[in-house]
Amino acid sequence: MVIFEATGREYKGNLHMHTTMSDGQLDPMQAVMAYESRGYDFLAVTDHRMITRIPEYRGRLLLLTGIELDEEPTEREVLHFLGIGVHEGLTEGIRPGMKAREYIDAILRNGGVPFLAHPHWSMNRPDTIKGLEGLAGVEIYNSVSRPPYNADRADSTHILDLLASDGLLHPTIAADDSHFYGEELARSFTLLQADRLEREDVVGALRRGRFYASQGPRFERVELDGDIVRVICSPVSAVVFHSDLAWNDDRATAGSGVTQAEYRLDRGRGESFIRIVLIGGDGKRAWLNPFRV
């Protein structure tokens, strides 16, 4: 069974960024041009609690409407949601004190795709995320949530592995959450499969989970053949297999220029999901969406 196969129609995008319209350090046009110059194909500007339009932009990038909404249940845990591809009427229904469920419903009702942002940075508990029905995915890596800007809480893989172990397999995106346009700029992205670089195609692919998170490495093909998971990828230093078992043989295939790897499932001990992570020689990673086995 083919789990993933590169189609040749893959687009590179950033779905989380801020401008001077909220708390970013570049104005909207400067922010968009920073990504255009680095080879991105699509963007969503997600200023806080507002939709930022850039009608004067005439470049090659597909610009999706976006917004970031937040709830702070306690001083020790916050919830941030990205609404991608939303209609502008969304902001008319946003009011102080709204709850997570209301934000997700509002994004869906206004034609958007909801993602949970930076759960590690937000100190989200697995039980909190379990109650968030309707998400299209979760940010597995957030570029600004690390030094020199933050404590080192950029990578949410562990939290998402715990959720997957309990049967909740979220598709994942990686994004920069650009504020400073310094070391976080163009560090992480989402690779999306669509027939065309048009709003309907891209938003539809986000809804259907036709994407994965990366910082550079790329998956070519992943298949499940009985109890064997096979991976073909761009050259990396390691292919790593995550699951709900604490240990198993052949968790990592490591070396120089690794392009293939295999992993044998242990169904007898109840292994139920796999998440494959590629690690490049420069430390950059890619995360395939988890899949049931």
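The values are calculated or read from the model by the stated rules, or taken from the named source; none is laboratory data. Owing to the predicted nature of the structure, the values given are computational and were not obtained by experimental measurement. For neighbour counting, all protein chains shown are included, and Cβ atoms are generated from backbone atoms with ideal geometry for every residue, glycine included.
Listing for the model above:
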{"item": "Residue in region 144-151 that is in contact (Cβ under 8 Å) with a residue 40 or more places away in the chain, under 21 Å from Phe180 (Cβ atoms) and not in a strand (DSSP E or B) present", "result": "yes"}
{"item": "Any hit, region 62-77, residues being at pLDDT 95 or above, touching a Gly at 6+ places or on another chain (Cβ under 8 Å), among the small types (Gly, Ala, Ser) and not assigned by TED's automatic domain parsing to the domain that holds Gly226", "result": "yes"}
{"item": "Residue list for region 152-177, restricted to those being part of a strand (DSSP E or B) and of a type in the set (S, T, N, Q)", "result": "Thr172"}
{"item": "Residues of region 115-139 classified as acidic (Asp, Glu), outside any helix (DSSP H, G or I) and out of contact with any Phe, Trp or Tyr (no Cβ under 9 Å at 6 or more places or on another chain), total", "result": "1"}
{"item": "Selection within region 235-287 - of a type in the set (Lys, Arg) and in a strand (DSSP E or B)", "result": "Arg264, Arg275, Arg285"}
{"item": "Residues located in region 157-167, provided they are within 16 Å of the chain's Cα centre (by Cα) and without any contact (Cβ under 8 Å) to a residue 40 or more places away in the chain", "result": "His158, Leu163"}
{"item": "Complete set of residues in region 1-49 that are in the same structural domain as Asp201 (by TED's automatic domain parsing), loosely packed, with under 14 Cβ neighbours inside 10 Å and aliphatic (A, V, I, L, M)", "result": "Met29"}
{"item": "Boolean, Thr190 is in the same structural domain as Ala31 (by TED's automatic domain parsing), buried (at least 23 other Cβ atoms within 10 Å of the Cβ) and of a type in the set (Val, Ile, Thr)", "result": "yes"}
{"item": "Members of region 173-206 that are within 26 Å of Ser145 (Cα to Cα) and more than 16 Å from the chain's Cα centre (by Cα)", "result": "His179, Phe180, Tyr181, Gly182, Glu183"}
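Yes/no per residue for (1) surrounded by fewer than 19 Cβ atoms within 10 Å (Cβ to Cβ); (2) outside the structural domain of Arg285 (by TED's automatic domain parsing); (3) among the aromatic types (Phe, Trp, Tyr):
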{"residue": "Leu197", "(1), (2), (3)": "yes, yes, no"}
{"residue": "Arg208", "(1), (2), (3)": "yes, yes, no"}
{"residue": "Gly226", "(1), (2), (3)": "yes, no, no"}
{"residue": "Arg230", "(1), (2), (3)": "yes, no, no"}
{"residue": "Cys233", "(1), (2), (3)": "no, no, no"}
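Condition check ((1) within 27 Å of Ala106 (Cα to Cα); (2) surrounded by 15 or more Cβ atoms within 10 Å (Cβ to Cβ); (3) β-branched (Val, Ile, Thr); (4) not assigned by TED's automatic domain parsing to the domain that holds Glu184) across all residues:
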residue	(1), (2), (3), (4)
Pro126	yes, yes, no, no
Ile129	yes, yes, yes, no
Leu132	yes, yes, no, no
Leu135	yes, yes, no, no
Val138	yes, yes, yes, no
Val144	yes, yes, yes, no
Pro148	no, no, no, no
Ala151	no, no, no, no
Ser156	yes, yes, no, no
